[in-house]
Amino acid sequence: MNYLESAKQYTGNDVEKIFFRPILTGQGAQELGVRVLYNMPVPTIVQMWDGNRLALKKFADNGWTGGAPAKKYQKQIPMERVKAEMGFSAADYFSLVYEQISSRSDINMEDLTGTVLEQAETELFKQSIAENLRITMWLGDTSQASGYNTFNGFLTSLKAAVEDESVNYLTYAISDIEDPAAVVALFDRLWNISDQHLQALRAEGQLAIFCTSDIYYLYEKYLDSMGVESSFHTTVDGKPALAYHGIPLVDVRLSTYLPQTSLHQSFCLLTDRRNLVMAVNTADMPGNEVRMWYNPDEMENRQRAVFMAGCEILDEEQLTYAYRN
């Protein structure tokens, strides 16, 4: 295990290229399901423009008829300095890394170089960081003494918005969704109370219904009961993604984490994906790094990443939220 005992430190461009860009751009960003801003200048500010909705005029008179300049809105994404740390006993750590290597067909298991081992342990740490960012993005609450408290997540903001009545929302009880068909009625209610500007964004293909696993499962059961051939094939083979009237459903996969929080345990929300923003920065704060080393006193392999992260709902009016009482 000599190669695993060699300390490795990544700073500057290496942190970006090796660790964060692969999990926050391309397929990695799609898996998060929301808008991801990576290494935008700090403070991270999103500019929003409201164009002139009466820009087309008759070509009859000379002079300027464009009216007032287009309105500009901006929203600052609150960024917090965070760190991710993991520690494994040397024996367990080698087993985990070895498993990562053995699943690759292009590796000669009798000739493992330091680079191969480094790639494997890097991949292990990247997966952990990506999953923790995903969970905190939804459940983060800085008022808590422990747990996912590094930055406020979307559900914490939504809970406050419901209390302030600054967001369109509705509630449902467990009895309301016992019948799988009831979930369709819930989606209809979600759509009917949503802002008309949000409904108009459907044509751009960015609307999504984010929901907990219980709602997602009920909709699957409803589709299974339709009694057509396609339903049979879906029941047997499964379906990689569900949609309601062309609007994708996104299972937020939080069932194992929500019971440890005071947040709403079951919910669904309709919004434009671009309205939910996750921001990560590894460039603008001194001391940002990724380090992996072996602690001989504890016989433990350790990993640490220091960076900045935060998330925000850009416009609460462009979101409709339903949760279980």
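The values are calculated or read from the model by the stated rules, or taken from the named source; none is laboratory data. Keep in mind that this is a model prediction, so the values were computed, not measured. Cβ placement follows ideal geometry from the backbone for every residue including glycine, while neighbour counts extend to all protein chains displayed. Accessible surface areas use protein heavy atoms only, side chains included; no ligands, DNA or RNA. Shrake-Rupley method; radii C 1.70, N 1.55, O 1.52, S 1.80 Å.
Here is a list of conditions, (1) more than 14 Å from the chain's Cα centre (by Cα); (2) part of a loop (DSSP other than H, G, I, E, B), and GLU123 meets all of them except one; can you say which number that is?
(2)
Do we have any residue at all in the stretch 281-291 that's surrounded by 23 or more Cβ atoms within 10 Å (Cβ to Cβ) and not in a strand (DSSP E or B)?
yes
Regarding ASN168, is this residue free of Cβ contacts under 8 Å to residues at least 12 places away in the same chain and either farther than 14 Å from TYR321 by Cα or out of contact with any Lys or Arg (no Cβ under 9 Å at 6 or more places or on another chain) (or both)? Write out each step before concluding.
Working: free of Cβ contacts under 8 Å to residues at least 12 places away in the same chain: no; either farther than 14 Å from TYR321 by Cα or out of contact with any Lys or Arg (no Cβ under 9 Å at 6 or more places or on another chain) (or both): yes.
No.
In the stretch 172-184, how many residues are open to solvent by 50 Å² or more (accessible area, probe 1.4 Å) and closer than 16 Å to LEU270 by Cβ?
Step one: filter the stretch 172-184 for residues open to solvent by 50 Å² or more (accessible area, probe 1.4 Å), giving 174-176, 178-179.
Next cut, closer than 16 Å to LEU270 by Cβ only: none.
So the count comes out to 0.
Looking only at strands (runs of 3 or more DSSP E) that fall completely inside the stretch 15-101, which ones have 1 or more residues that are at pLDDT below 80 and open to solvent by less than 60 Å² (accessible area, probe 1.4 Å)? Outline the logic, then answer.
Numbers: elements: 35-38, 44-50, 71-77, 80-89.
Here the list reads 44-50, 80-89.
Quick one: is LEU254 in a loop (DSSP other than H, G, I, E, B) and open to solvent by less than 10 Å² (accessible area, probe 1.4 Å)? Outline the logic, then answer.
Numbers: in a loop (DSSP other than H, G, I, E, B): yes; open to solvent by less than 10 Å² (accessible area, probe 1.4 Å): yes.
Yes; evaluated as a whole, the condition is true for this residue.
Can you tell me which residue in the stretch 242-259 is nearest to SER146 (Cα to Cα), limited to those that are touching a Phe, Trp or Tyr at 6+ places or on another chain (Cβ under 7 Å) and among the hydrophobic types (A, V, I, L, M, F, W, C)?
Step one: of the stretch 242-259, the residues touching a Phe, Trp or Tyr at 6+ places or on another chain (Cβ under 7 Å) are 242, 244, 249-252, 254.
Subset that is among the hydrophobic types (A, V, I, L, M, F, W, C): 242, 249-250, 252, 254.
Details: LEU242: 35, LEU249: 31, VAL250: 28, VAL252: 22, LEU254: 18 Å.
So the residue we want is LEU254.
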